[in-house]
Amino acid sequence: MPIVSRGFHGRARDTQHRLPPGQYETTDFPVLSAGPTPAVNLDEWEFTIRTEAGARHSWNWAQFTSLPSQTPTVDLHCVTKWSKFDTEWQGVSLDLLLEDVETSADYALVHSYGDYTTNLPLEDLLDGQAWIAYRYDGEELAPEHGGPARLLIPHLYLWKSAKWVHGIQLLDEDERGFWESVGYHNYGDPWREQRYQGD
Amino acid sequence: MARAAVSRRLGDRLSWKTARLADRRIESDVARTLVFEVPGWPGHLAGQHADVRLTAEDGYSTQRSYSLASAPDGESVELTVQRVSDGEVSPYLTDELAVGDVVELRGPVGGWFVWRPEQKEPILLVAGGSGLVPLMAMIRMRRAVGSRTPFRLVYSVRSPEYQLFVSELRRDDPGLDKTYLYTRSSPPQWPRPPGQITASDLSSAGWPPDFEPTCYVCGSTGFVEKAAGLLVALGHHPGRIRTERFGPSG
């Protein structure tokens, strides 16, 4: 349980406002991808974390799905302006996956099957903010939504939640991913409408 | 670059620790140094930062990042916080938090914007406003380990009342050269007219590029963009310029 700081109240806040600026709510689940949906064979599936010093931590499908999982219910915000509330997932927290990783890196570059990449500060993967999800709405994650497994990082625009995730590379210096290197915002906070570079 | 004993298990970084305010010092009209006792603090490097979490009685919680101001010193951790007048967190930390009160702290974070005593090249520190804080940790670390590595500090600040660590920096620190730039109003008889940092400030108070110094630049995004751009234009290799930016985040 968090410890209460005496006399701290915070700003007035309205919990009804769940829609970031410029977004509209949708109830279906649109599909957007940079390329064709890769076919990933579960026998060959692997998730790897590689540190800046070259150390590797990897899991195959059986190892990965036997890790303790969580079932977050989160809102999704896509840069194409739809938001979807209360989506239900099952996945492994990045806190667990990163717990024993020795690193002094500040950045992460996420790699997908199909060669998609996206970058983010390592801190954004920690503290209950990110999962590698492999079930959606009680079902196996469909390939068009990133199955067998995708990154889920709901506090950033959805292009950061890399589908068909394959691994995470930890880096001392930031390195732009696929969309970030063609003009999308490097960070992508929906609440600050960070859609494109310069926003 | 040496990389000894700086990695930490991310599991240790992840855990929030209780930090009890043990002391507070006035640093300027708008800044306070908060000295926390943090049981289990794993130590840190000069230049790293920590996250502070505040939680209200109704459960509302918010976090901010602050640079660590002190050299590593056991379980004692110092943050120097400048009040952002419309901020949510900094006015609470500078004005409300009293000795004995608790916040939560997580860290240290960051492995790039750090100075390690085993570095042998000359060092240029370029600070804008409260961007001095992580650079001060480097100055304090240098002193704490008795390093003779030559340091130069170029400190740009709005006006004297915003200046941090005044008396500590006034003391003689052999091998540390200090240059102050004022952007709005300077002390009486100050030789340089108030104004933004220029190439000539950095060439006269910094190092020649062929000395291959490592340059650390910290301040607002605008300041960092400007100062780092000037260093590159003066011939410093971009790979030897490390930057840390902050925006107003109270």
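The values are calculated or read from the model by the stated rules, or taken from the named source; none is laboratory data. These numbers were taken from a predicted model, which means no experiment stands behind them. Every residue, glycine among them, receives a Cβ derived from its backbone with ideal geometry; neighbour counts consider all protein chains shown. These area figures cover heavy atoms from the full protein model, side chains too; ligands, DNA and RNA do not enter into them. Shrake-Rupley method; radii C 1.70, N 1.55, O 1.52, S 1.80 Å.
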Next item on the list: Return yes when B:Arg20 is within 11 Å of chain A (Cβ to nearest Cβ), open to solvent by 10 Å² or more (accessible area, probe 1.4 Å), modelled with pLDDT of 85 or more and over 21 Å from A:Asp124 (Cβ atoms) and no when it is not.
Entry: yes
Note to self: One residue is enough: does segment B:24-33 have a residue meeting the conditions within 13 Å of chain A (Cβ to nearest Cβ) and outside any loop (DSSP other than H, G, I, E, B)?
What the structure shows: no
Check: In the list B:Gly175, B:Gly129, which residue meets the criterion of being on the phi > 0 side of the Ramachandran plot, in contact (Cβ under 8 Å) with a residue 40 or more places away in the chain and in contact with a strand residue (DSSP E or B) (Cβ under 9 Å, 6 or more places away or on another chain)?
Finding: B:Gly129
Notebook entry, point to check: Scanning segment B:166-197 for residues that are surrounded by fewer than 20 Cβ atoms within 10 Å (Cβ to Cβ) and among the aromatic types (Phe, Trp, Tyr), which turns out modelled with the highest pLDDT?
Noted result: B:Tyr180
Checklist line | Residue that is modelled with the lowest pLDDT, among those in segment B:89-100 that are buried (at least 17 other Cβ atoms within 10 Å of the Cβ) and not in a helix (DSSP H, G or I) | finding: B:Val89
Note to self: Against the condition buried (at least 18 other Cβ atoms within 10 Å of the Cβ), within 10 Å of chain A (Cβ to nearest Cβ) and either at pLDDT below 95 or under 10 Å from B:Pro108 (Cβ atoms) (or both), how does B:Gln48 come out, does it pass?
What the structure shows: yes
Next item on the list: Please work out if B:Thr55 is at the interface with chain A (Cβ under 8 Å from one of its Cβ atoms), over 28 Å from B:Ser147 (Cβ atoms) and either touching a residue at least 60 places away in the same chain (Cβ under 8 Å) or among the hydroxyl-bearing types (Ser, Thr, Tyr) (or both).
Entry: yes
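For (1) part of a loop (DSSP other than H, G, I, E, B); (2) in contact (Cβ under 8 Å) with a residue 40 or more places away in the chain, each residue gets a yes or a no:
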site: B:Ser147; (1), (2): yes, no
site: B:Leu169; (1), (2): no, no
site: B:Arg192; (1), (2): yes, no
site: B:Ile197; (1), (2): yes, yes
site: B:Leu202; (1), (2): no, yes
site: B:Gly229; (1), (2): no, no
site: B:His236; (1), (2): yes, no
site: B:Arg245; (1), (2): no, no
Margin query: Residues that are part of a loop (DSSP other than H, G, I, E, B), within 12 Å of chain A (Cβ to nearest Cβ), of a type outside the set (Asp, Glu) and in contact with a helix residue (DSSP H, G or I) (Cβ under 7 Å, 6 or more places away or on another chain): does segment B:112-126 have at least one?
Written below: yes
Margin query: Going residue by residue through segment A:82-104, is there one that turns out to be within 14 Å of another protein chain (Cβ to nearest Cβ), crowded, with 23+ Cβ neighbours inside 10 Å, assigned to a strand (DSSP E or B) and not charged (D, E, K, R)?
Written below: yes
